[in-house]
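Q: The structure under discussion is supplied below as C-alpha cells; questions concerning it will follow.
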Amino acid sequence: MSDPLVRSKRRFAGVAVSATAAAVALGTVLSVSTTANAASTLGASAAATGRYFGTAVAAYKLSDTVYSGVLDREFNMITPENEMKWDATEPSQGQFSFTSADQIVAHAQAHGQRTRGHALAWHQQQPGWVASLSGTALRNAMINHITGVATHYKGKIYAWDVVNEAFSDNGDGSRRQSNLQATGNDWIEVAFQTAHAADPGAKLCYNDYNTDGVNAKSTGVYNMVKDFKARGVPIDCVGFQSHINSASPVTSDYQANLQRFADLGVDVQITELDIAGSGTAQADTYARVVQACLAVARCTGITVWGIRDSDSWRSGDTPLLFDNNGNPKAAYTSTLNALNAGGSSSPPTTGPTTGPSTSPPTTGPPTTGPPTTAPPTTAPPTTAPPQGGCSASVSVNQWNGGFVATVTVTAGSSAVNGWTVGVTLPSGAAVTSSWSATGSGTSGSISYSNVSYNGSLAAGRNTQFGFQGTGTGPSATPSCTAR
Ligand code: 9MR
C-alpha cells in the first residue's frame with residue numbers, strides 16, 4: 001500500500017484551509033468542490049468540506065515527538081481525553097486545578113487547532129468529595145463546578161460536552177440513575193443553562209454512547225433534545241461517541257439517526273470514534289462513518305478517540321487510524337479518501353435549522369466482521385438474572401496504574417428493594433472514589449450497597465454504579481444479595 005503521507009501534495013485550489021475555518025466560524029454557507037483538489041491530511045480534507053477532524057489528546061504525551069508530530073500534521077480539533085473532567089479540574093471542593101488542561105489548550109492555540117471541552121457533568125470520574133454530597137448540596141456543587149470550568153475557558157472552547165452519558169442502557173429510553181439524576185430530573189437543563197451563562201460563545205452539546213443508530217436510548221436523547229429546543233434550553237449540538245465494535249456496529253440507520261437530530265435544529269458531531277478491527281473491514285467501516293457525517297449538512301466534524309492504536313483506551317482492539325509507531329493504517333487511507341470524495345456532494349451549512357437537507361441513507365447493512373470483542377463501556381449483564389434475588393456483572397476499563405469499574409446490578413424474577421454487591425480487589429488495588437453506591441472500604445473485599453435512589457428495581461430491571469481506583473481492577477463476577 002502506498003503511503004499517503006509521502007505522496008506528492010496535490011494542489012489545493014479554491015479555498016485556503018484557514019479561510020475555510022474562518023468562514024465556518026462565521027457561519028458562512030460554504031460550497032467547495034474538492035474532487036479534483038484533494039487535500040493530503042485529515043484536517044485539511046475535512047476543512048475543505050467546512051468540517052473539522054479531531055482527536056482526543058493526553059497532556060502527558062505532548063512531549064512525545066512522534067505523537068505531537070502526527071497530531072499537528074493531521075488534526076485541527078483537540079479533545080482533552082481526561083484533563084477537563086471533574087476529578088481533574090476540581091480535586092477538592094472549590095479548588096480548581098487547570099494545569100494539564102491548560103497545557104492542551106495552549107498547544108491547540110499554538111498550532112491553529114480548536115478545542116472541544118469534555119466533560120462538565122458526568123456520573124463517572126467525579127472527585128472523591130462529591131460522593132458525600134446529595135440533594136441541594138450536590139446540585140450546587142455541580143453548578144459551581146460548571147461555572148468555574150466554563151468561565152476559566154471562556155472564549156477558548158469550540159464546543160463543550162456539557163452533560164455526558166446521562167441515559168441508561170435499559171432499553172426503555174430512560175435516564176441513567178446516578179447521584180446527579182437524583183438531584184432532580186432538571187439537572188441536565190440546569191447544567192446547560194449554567195454553561196451558557198459562563199460561556200455564551202461555546203456550542204453546548206449532549207454526548208453519549210450506544211446512541212449511534214435509531215434505538216431506544218437514542219430516542220430517549222432525541223425526545224430530550226426536542227423538548228429542550230421547544231422550551232428554549234440552550235442546547236446547540238449532540239455528540240455521538242461511536243465506539244464501534246461487533247457488539248456496537250455501525251447500523252444501516254447511522255446516517256438517518258444523525259439526520260433526525262440535525263432536523264431538530266442542533267449540530268451533530270461524531271465525538272469519540274474508534275472502530276475495533278483491522279485491515280479492509282476496519283477501513284471500510286471508517287469510510288462509512290465519514291460518508292454518513294458528510295451526507296448530513298449539520299454534521300460539523302469527527303473526532304477519533306486517540307492517535308495511535310497504543311494510545312487507545314482499548315488498545316487491544318487496534319481501533320485507531322495510526323499504528324503503534326505512528327504510521328497510517330489502511331483505515332487512515334480510507335478515511336482520507338472518504339473525506340476527499342465526500343466534500344463535493346454535501347456542502348455543509350450552518351444556516352437553516354429545520355428541515356431535512358439530505359436524501360435518506362443509501363448505505364447498506366453493516367460490513368463489520370463477526371463478533372470479536374465485548375462492547376466498550378456498556379457490557380450488558382453477562383449473567384442471567386436468577387429466580388428472585390439479583391445478579392451483578394462488572395466491566396473494567398484498565399489502564400497502566402488505574403481503572404474504572406462499572407457494575408450492573410440486575411433484579412431477578414421479583415422486584416428488589418435494596419441490594420448489596422460484593423467485589424474483591426487484587427492486592428495493591430485501592431478505590432479512590434465511587435458513585436451511585438456506598439462502599440464498606442477501599443481495598444480487598446468490599447461490599448457496595450445501593451443509595452437512596454437506586455435500591456428499588458422492578459423484576460428484570462437493572463441499575464449501575466461504579467468506582468475508580470489505583471492498581472488493577474476486579475476481574476471476578478461480583479456477588480449480589482437482594483433485600
Ligand atoms: O479514554 C478515557 C480513559 O483514558 C479513561 O480512563 C476513561 C475513564 O472513564 O475515560 C475514557 O474516555 C471515555 C470518555 O471520557 C467518555 N466516553 C467513553 C470513553 C471511553 O471509556
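Rule-based calculations on the coordinates, nothing more; no lab input. Quantities reported herein were computed from a predicted structural model and do not represent experimental measurements. As a convention, Cβ positions derive from the backbone with ideal geometry for all residues, glycine included, and neighbour counts pool all protein chains shown.
Q: Using the Karplus equation 6.51 cos²θ - 1.76 cosθ + 1.60 (θ = phi - 60°), what ³J(HN,Hα) coupling, rounded to whole Hz, does each residue of the stretch 195-207 give in order, writing x for Gly and Pro?
A: Computed from phi, the couplings for the stretch 195-207 are 5, 4, 5, 7, 9, x, x, 7, 6, 10, 10, 9, 10 Hz.
Q: Turning to a different aspect of this structure: Treating only the Cα positions of the stretch 154-219 as identical point scatterers, give the base-10 log of I(q)/I(0) from the Debye formula at each q in 0.27 Å⁻¹.
A: Calculated log10 I(q)/I(0) at the listed q: -1.13.
Q: Could you tell me what a quarter of the Cα convex hull surface of the stretch 63-133 works out to, in nm² with one decimal place? Walk me through the intermediate numbers first.
A: Details: hull surface 21.0 nm².
Taking a quarter of the hull surface, the average projection is 5.2 nm².
Q: Also: Need the full-extension length gain, THR99 to THR477, defined as separation in residues times 0.36 nm minus the C-alpha distance. One decimal, nm.
A: Result: 132.3 nm gained on full extension.
Q: May I pose another question? Which whole-Hz ³J(HN,Hα) couplings does the stretch 418-426 yield from phi under the Karplus relation 6.51 cos²θ - 1.76 cosθ + 1.60, θ = phi - 60°, glycine and proline marked x?
A: Karplus-based 3J(HN,Hα) across the stretch 418-426 equals x, 8, 10, 10, x, 10, 10, 9, x Hz.
Q: While we're on this one: Can you give me the P(r) profile for the stretch 108-190? Cα pairs, bins 10 angstrom wide beginning at 0, each as a whole percent.
A: 15, 45, 28, 10, 1
Q: Kindly rank 261-269, 471-479, 286-294 from highest to lowest mean number of other beta carbons found within 10 Å of each residue. Working shown, then result.
A: Numbers: 261-269: 22.4, 471-479: 16.1, 286-294: 25.8.
Highest mean packing first, the order is 286-294, 261-269, 471-479.
Q: If the viscosity is 0.890 mPa s and the temperature 25 °C, what Stokes-Einstein diffusion coefficient in µm²/s follows for the stretch 396-483 when Rh is the Kirkwood radius over Cα pairs?
A: Here the translational diffusion coefficient equals 188 µm²/s.
Q: Enumerate the calculated ³J(HN,Hα) couplings along the stretch 105-122 in order (Karplus 6.51 cos²θ - 1.76 cosθ + 1.60, θ = phi - 60°), each rounded to whole Hz, writing x wherever the residue is Gly or Pro.
A: 5, 5, 4, 4, 5, 6, 10, x, 9, 9, 10, 9, x, 8, 9, 6, 9, 7
Q: Take each of the peptides 137-149, 222-234, average the number of other beta-carbon atoms within 10 Å over its residues, and list them starting from the highest. Intermediate results must be reported in sequence, preceding the final value.
A: Details: 137-149: 19.4, 222-234: 15.2.
Going from most to least packed, we get 137-149, 222-234.
Q: Same structure again: Tell me, what does the Kirkwood hydrodynamic radius of the stretch 164-272 come to in angstroms if you use every pair of distinct C-alpha atoms?
A: Working: mean 1/r = 0.0704 Å⁻¹.
This gives a value of 14.2 Å.
Q: For the stretch 266-345, I need the span (max minus min coordinate) of the C-alpha atoms along each principal axis, in Å, sorted largest to smallest.
A: Each principal axis gives a Cα extent; for the stretch 266-345 these are 34, 24, 18 Å.
Q: If the reach is capped at under 17 angstrom between alpha carbons, list the aspartates and glutamates near LYS61, excluding any in the same chain fewer than eight residues apart.
A: Cα-Cα hits under 17 Å: ASP72, GLU74, GLU81, GLU83, ASP102, ASP309, ASP311, ASP323.
Q: What percentages, rounded to whole numbers, describe P(r) for the stretch 214-338 computed over all alpha carbon pairs with 5 Å bin width beginning at zero?
A: 2, 11, 21, 22, 17, 12, 8, 4, 2, 0
Q: Right, something else. Skipping prolines and chain starts, which residues have an amide H placed within reach, meaning under 5 Å, of the one on GLY402, given they are 5 or more residues away or on another chain?
A: Counting only residues 5 or more places away or on other chains, the set is GLY471.
Q: Once the other residues with Cβ under 13 Å from the Cβ of ASN210 are scored (Lys, Arg +1; Asp, Glu -1), what is the net sum?
A: Values: positive: ARG176, LYS217; negative: GLU165, ASP169, ASP208, ASP212, GLU272.
Charge balance in the 13 Å sphere: -3.
Q: OK, next. In what sequence, highest mean first, do 109-116, 44-51 appear when ranked by Cβ atoms within 10 angstrom?
A: 44-51, 109-116
Q: For the stretch 257-301, what Kirkwood radius comes out of the mean inverse Cα-Cα distance, in Å?
A: Averaging 1/r across every pair of different Cα atoms and inverting gives 11.3 Å.
Q: Within the set of other residues whose C-beta is less than 11 Å from the C-beta of ARG114, count the net charge using Lys and Arg as +1 and Asp and Glu as -1.
A: +3
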